Amino acid sequence: MKKLIFLLSSLAFFSFFTATKVQAEESFSSPESSVVYDLNQGGLQQFEVKNDLGETYTISIEEEPQFFIMASAVKSGTYKITKEKALQWKANYKIDVSNNKITRAHSASATAFTGSFKSLLLKVDSSTQATYYLKRTILLAETSINLRAKLAGSSISITY
């Protein structure tokens with residue numbers, strides 16, 4: 001019985017370690033992938049996406065309720081951007097959009113269900129782009145996760 005438990009524990013350890021290592025290599029070699037949130041449609045828009053390894057992620061962008069409406073080429077307001085890998089981790093932040101610009105990135109949050117987050121940095125890169133930089137550690141492997149929102153015309157492009 002002890003041998004069976006040892007064997008299953010070893011298998012679980014190496015499967016976590018190997019999957020994370022491959023994911024880290026993928027982030028450097030694959031082209032950037034993105035989804036597009038339509039500002040004119042607004043509301044909550046969710047996307048199920050897969051990486052090259054077939055791992056599924058959920059990307060969601062949600063417009064925060066507003067008490068007044070402002071006319072502009074791009075809808076002004078606050079938008080919550082979330083990326084989640086089911087049963088492993090979830091990260092989100094909010095951006096404020098006004099006059100066709102990202103004026104602020106705030107309310108960053110990250111939860112690790114397995115492993116932990118080593119570092120978190122939310123940054124407004126330019127007037128049209130904000131990025132949440134995360135470093136996740138599981139066992140001995142470290143991966144980088146970047147969740148970028150880029151304002152373009154009447155949409156927000158989310159690069160994951």
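The values are calculated or read from the model by the stated rules, or taken from the named source; none is laboratory data. Remember, it's a predicted structure, so these values are computed and weren't measured experimentally. Virtual Cβ from ideal backbone geometry, glycine too; neighbours counted across all protein chains shown. Note: areas computed on protein heavy atoms with side chains; ligands, DNA, RNA excluded. Shrake-Rupley method; radii C 1.70, N 1.55, O 1.52, S 1.80 Å.
Here is a list: Gln41, Gln45. Which entry is modelled with pLDDT under 95, surrounded by 11 or more Cβ atoms within 10 Å (Cβ to Cβ) and not aliphatic (A, V, I, L, M)?
Just a single option satisfies the conditions, and that option is Gln41.
Could you say which residue among Phe17, Phe113 is closer than 19 Å to Lys135 by Cα, modelled with pLDDT of 95 or more and touching a strand residue (DSSP E or B) at 6+ places or on another chain (Cβ under 8 Å)?
None of the others qualify; the one that does is Phe113.
Restricting attention to the range 65-78, does a residue exist that is at pLDDT 95 or above, farther than 25 Å from Lys50 by Cα and open to solvent by 20 Å² or more (accessible area, probe 1.4 Å)?
Yes; the residues of the range 65-78 include at least one that is at pLDDT 95 or above, farther than 25 Å from Lys50 by Cα and open to solvent by 20 Å² or more (accessible area, probe 1.4 Å).
For the range 108-159, which fully contained strands (runs of 3 or more DSSP E) count at least 2 residues that are among the basic types (Lys, Arg)?
The qualifying strands (runs of 3 or more DSSP E) are 116-126, 129-138, 141-152.
In the range 79-126, what residues are basic (Lys, Arg) and surrounded by fewer than 18 Cβ atoms within 10 Å (Cβ to Cβ)?
Listed by number, the residues that qualify are Lys80, Lys90, Lys101, Arg104, Lys118, Lys123.
In the range 112-142, what count of residues is obtained for those that are in contact with an Asp or Glu (Cβ under 9 Å, 6 or more places away or on another chain), β-branched (Val, Ile, Thr) and farther than 30 Å from Asn40 by Cβ?
Residues flagged as in contact with an Asp or Glu (Cβ under 9 Å, 6 or more places away or on another chain), β-branched (Val, Ile, Thr) and farther than 30 Å from Asn40 by Cβ within the range 112-142 amount to 0.
Please specify each residue of the range 127-143 satisfying the condition of being in contact with a Lys or Arg (Cβ under 9 Å, 6 or more places away or on another chain) and open to solvent by 50 Å² or more (accessible area, probe 1.4 Å).
Ser127, Tyr133, Lys135, Glu142
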